[in-house]
Structure formats: structure tokens, C-alpha cells
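These notes concern the structure reproduced below.
The values are calculated or read from the model by the stated rules, or taken from the named source; none is laboratory data. What you are looking at is a predicted structure, and each value in this text was computed from that prediction instead of being measured. For neighbour counting, all protein chains shown are included, and Cβ atoms are generated from backbone atoms with ideal geometry for every residue, glycine included. The accessibility values were calculated without ligands, DNA or RNA, using every heavy atom of the protein model including side chains. Shrake-Rupley method; radii C 1.70, N 1.55, O 1.52, S 1.80 Å.
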Amino acid sequence: MESLRELYRIGQGPSSSHTMGPRKAAEDFIGRHPEVKSVRAELYGSLAATGKGHLTDKAIREAFKAAGVETEIFWFPDVFRSFHPNCLSLISSDGSVSETYYSVGGGKIVREGDSSSGADEVYPNELVGSMKKLLAFADSEGYQLWEVALRFEKDDICSYMEEIWQVMKDAIKRGLENEGVLPGGLKLPRKACLVHEQAISMSGALGNTLVAHSYALAVSEENAAGGIIVTAPTCGSCGVLPGALYYIMKEYDIPEKRVIRALLTAGLVGNIVKTNGSISGAEVGCQGEVGVACAMAGAAVAQLLGGTIRQVEYAAEMGLEHHLGLTCDPLKGLVQIPCIERNGFACMRAVDHASFALVGDGTHKISFDDVVEVMMETGHALPSLYRETSMGGLARVWGN
């Protein structure tokens, strides 16, 4: 498995696969072919179907403009390449050089013809390549899950996680301060500030849970506005984990050092799905984004509240299990409806999953690995119009 640095990426919204990935592909092309001064960019499948809403063309143009390269963009939403639905071909105007890239989720790209992903495989798959193996290894060494990350990552991984946490907190704070209508044409007003103010004025448990909801909304709205966020595991699901962690930290006065450890554990959960399944909405629907984010957040909260490694696994399993089959059907291809509210509700569910896991001993029938397998089966069974194309589901009914 790759380093957690490949999972947690700092960047601009609104989409890790449709904005961050294409920008990275353009930058890679420039680095490989600095002599090219004019490029034809061809977008295929989901990348073309919802690219305008996700600002894909803007990301590509900005990257090439910075290098003095002219760009023409062509859209082929009905053409799907076999490797992955998010495909981008970059071709010099004279046809002398070309590269094809796949944006596979979380901001990661794969260049056609590469024999490897280019990222360091720091976790040996034979030891920790699945949740079953991870738990067995942790047991054998007497580790908590976060200690497994420390075992295999570079020495500065905690410093990197501190940077990740700071960006997450900054996104929450900005999101709670900013008001107004989000860009993109849906004329969707921001709600995080209002929800937070109403939540803190409520008495009892209802207000408490709405506070958590407001934190997740804040980050997700910042992402929708093109702000700086952290993929966790994607831009479209970036509010779930920081919302849950910030809420628990505040509610129980937990030291930030322990939050950093919880981020490591959440990262391992996300990494297992990325390795054995998918975190791409274009490939498996929103279960691979919000569902995985909920699993990561549930695991992190369970650890913060004193859970054993098996209670942590149980919380993660529930987070993914109860999002199985969730479609990706954004209105106008924007990461706004239903994405923003999904982040808020998944954040609250993650806290509930952790609480439920902690009242037992962690024993349960369905393993996390089983759910990852079923998620892939379910995702591939979904028709493509329910996988980030804005051709079906809510997007179609709304008249998109």
C-alpha cells in the first residue's frame, strides 16, 4: 500500500478526480514535453460528462497557461475507456507527442503505459494489505492501528499529519465564517454558518449533533467554492472526517496529539479501500467517496473514545456497509447537491457508528474486507449513469 501522503492531499476543490487529477496530468505532460507550445486536450467518459461543473477545463487551462502553452479542449462524454471512466488525452497540436491519463480518485493519476503508479509502496501487502492482515499484524506486535502507520511511514509523517489537520481546521473556520451563494449556477446558499448558530443555541443532544453536522458542511462548502481542503479520501467527501474529529476533540477536550494519531488510523482504513477497492465516484458511485469517508471517520472517532482495534474495525465496517449502493448523481455536475448534505449526515453517522461499536466487544458477522469486496461488486453493477455522469438519479429528475 502507498504512503498516507498519497491519500491525504492538500489542494483546491471542488473535485479530486475532476479538478486536482487533470491539473496534475497537465503538469506531468508539461514536465515530460516542455517543447510543446500548443495542446489538444480530449476528455472522455465521466471526466467529460461532469467536467464543466467540476471546473476540469479551468484546471487544465490554468496549468498550461502557467507554462505558456495554448490549449483546446474537446469533450467526449459518451466514450468510456476500459481502464477507468475518468480519462484525459493530451496531444500536441502537430500530433508528434501524446499522453493519456486516468484520474482514478483522490487526486491520483495513472499515465497509460506506466508499469507502476509512481508512488512509494511503503506498506507491505503481505503484512497489512487488508483489514484482516492489519489487525493480525497489530495483534502480533501489540500495536494500536496508528502505531502501524508509524512503523512503516517516514519519520516526518506526524509532521505531515499536523499540516493536514491544520488545513482541515482552517477549512472549518472559513466555512463557518463565509456566507452567500455558492458558484456554479444552482444558486445554492451556504448553510454551515446558519446551522452552527442554530445548533449552539439549542439545548440537549439535538444541538450537539447539529454542531458536528455544521463542521462537515463548512468544509464541504469550502470545497464547492474551490477553497483549499484535504482529500479524505476525496474532495467530494472532504467534510466527513474533519467534521467528526473536530466535534469529538471539542466535545471531549481531546489533545490534538491524539487527533493526529486518529488521522493515521483513518488513513489506514482509506488506504485499504483504495488498494482493494476504489475511492472513485466515477468507478463505484458515492459509496466509494462518502461511504469510505464515513468508515474512516467512524474508525477515528472509535479510537479517540478508547476503542480497541476490533471496535475501531467495526465502526469502519458499519460506515461503509450502510452506504453500499450509494449513487453519484450530482446536479449540473457540481459537488453541491446532494454532496454537501451527504457530508454532514455521514459525519453524524460516523459518530453513531463509533458509539455503537463501543458498547460491544467489537465482535460482528461481516468483516470490513467483506464490505470492500461487496462495494466493488455493487459499484460495477451500477449503470454508468449513476456513477458521476449526471445522467441519472437526482440529476435527471431535477432536469439537469
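Numbers below:
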| item | result |
| --- | --- |
| Gap separating the Cα centres of region 347-381 and region 252-283, nearest whole Å | 14 |
| Linear extension gain, residue 139 paired with residue 359, 0.36 nm per residue minus alpha-carbon span | 77.1 nm |
| Accessible area per residue in Å² at 1.4 Å probe, computed on the chain | 39 |
| Rg/Rh (Cα only; Kirkwood hydrodynamic radius) as it applies to region 154-209 | 1.16 |
| Rg/Rh for region 18-110, where both radii come from Cα atoms and Rh is the Kirkwood radius | 0.93 |
| Computed [θ] at 222 nm, deg cm²/dmol, the chain (DSSP H ≥ 4; -39,500 (n - 2.57); rounded to nearest 500) | -16000 deg cm²/dmol |
| Within the accessible area of region 1-118 (1.4 Å probe), percent carbon and sulfur | 47 |
| Too-long pairs where the Cα-Cα distance tops 27 Å, listed order kept, from 24/191; 24/132; 37/108 | 24/191; 24/132 |
| Compactness relative to 2.2 N^0.38 Å, alpha carbon Rg of region 252-292 | 1.45 |
| For the chain, alpha-carbon Rg over 2.2 N^0.38 Å | 0.94 |
| Highest average packing first - 170-180, 96-106, Cβ atoms within 10 Å | 96-106, 170-180 |
| Loop sites in region 1-96: GluC sites (Glu not before Pro), DSSP, at most 14 other Cβ within 10 Å | 35 |
| log10 of Debye I(q)/I(0), alpha-carbon scatterers only, for region 86-158 at 0.25, 0.28 Å⁻¹ | -1.11, -1.20 |
| Table column - 3J(HN,Hα) (Hz), region 177-190, Karplus curve with 6.51, -1.76, 1.60, x for Gly and Pro | 8, 6, 10, x, 9, 6, x, x, x, 7, 6, 8, x, 5 |
| Contour minus Cα-Cα distance for residue 366 and residue 254 (0.36 nm per residue) | 37.2 nm |
| Gyration tensor (alpha-carbon) shape descriptor, region 212-308, a/c threshold 1.5 | oblate |
| Largest-first principal axis extents of the Cα set of region 1-159 (Å) | 59, 31, 29 |
| Of all accessible heavy-atom area on region 143-191, the percent that carbon and sulfur account for (1.4 Å) | 46 |
| Partnerless Cys - the chain, beta-carbon criterion under 4.7 Å | 87, 158, 193, 235, 238, 294, 339, 347 |
| Label-to-label distance, nm, for residues given as residue 373 and residue 82 (7 Å Cα→Cβ offset) | 2.6 |
| Counted charge near residue 278, where neighbours are those whose Cβ lies closer than 13 Å (Asp, Glu -1; Lys, Arg +1) | -2 |
| Where N is the number of residues in region 276-349, Cα Rg divided by 2.2 N^0.38 Å | 1.14 |
| Portion, in percent, of the accessible area of region 228-322 that falls on carbon or sulfur, probe 1.4 Å | 44 |
